[in-house]
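Below is one structure, written out as structure tokens, with a few remarks after it.
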Amino acid sequence: MTCRLCKDLRSLFLPVLNMALPDLAAELELAVLGLYAQRNSATKNAARSKKRKLTHYGKESMRVLLPVLGALENALRSDALQGGSWVRADEGSKYEAFLNPLGKLLLGHVPEHFPTPVVDANGYQCLVEGSSGDGGSIIGCLSALAAAAGDEQLWKPLNHAVLQACDDDGRSEVRRAGLLCLLELMKSLGEEYMVLLPENLPVL
């Protein structure tokens, strides 16, 4: 419902969406624990602790993730058309709250039971590139976040998160996702994004 309201009402709904932001952020953080923490266990004790948390992130939790991304993507695109004042409010706290989990999910590991409405698309591809319906995508959210930010200093940490994916030696699907995200950012922001090209070229 929130996703559809963001899509249909656009910037008119942004003040109301502020009430749901803690819930959206909590869902993203839960997804990070479930999909990203699997590949980042520094110690055996940490691994055991994270495994206990992962047991609570099942198929139904994952089914919520795509509409959450859809609501966020629609909200950010609407904000970008209005100059990005919503996401940059409160000294950019919303921007930072969204960027951190989205960057980690770009590197995430999606299990086989992830619901995929797209034929011949695996769970990771569906999550990162999107699907039909009201669901959003990681790439779509990051692109909309950059457009709403509209500032070189805010783009730098976002660009760094995308380059981490482009430079992933272990998984070709993550490198592909990073490149697709970088291409989408360049299409969305145009020449303004070229200021970050020197940072991108060594990784490419």
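The values are calculated or read from the model by the stated rules, or taken from the named source; none is laboratory data. Note that the structure is predicted; figures quoted are calculated from it, not measured. Cβ coordinates were reconstructed from backbone atoms using ideal geometry, including for glycine residues, and neighbour counts include every protein chain displayed. Remember, those area values only see protein heavy atoms, side chains included, never the ligands or the DNA or RNA. Shrake-Rupley method; radii C 1.70, N 1.55, O 1.52, S 1.80 Å.
Using a 1.4 Å probe and ignoring any ligands, DNA or RNA, find the accessible area of Arg77 and quote it in Å² to the nearest 10.
90
What is the sum of charges, Lys and Arg at +1 and Asp and Glu at -1, for the other residues whose Cβ falls under 13 Å from the Cβ of Leu142?
Computed value for this residue: 0.
Just the accessible area for Asp167, please: 1.4 Å probe, Å², rounded to the nearest 10?
Taking all protein chains as shown, Asp167 has close to 90 Å².
Between Ser61 and Val203, 0.36 nm times their residue separation minus their Cα-Cα distance comes to what?
Once the chain is fully extended between Ser61 and Val203, it gains 47.7 nm.
For Asp8 and Gln153, FRET efficiency with R0 = 41 Å and r from the beta-carbon atoms, rounded to 0.05?
0.80
Work out from phi, with θ = phi - 60° and the Karplus expression 6.51 cos²θ - 1.76 cosθ + 1.60, the ³J(HN,Hα) of each residue of region 9-14, listed in order in whole Hz, and give x for Gly and Pro.
Working through the residues one at a time gives 8, 6, 5, 4, 8, 4 Hz.
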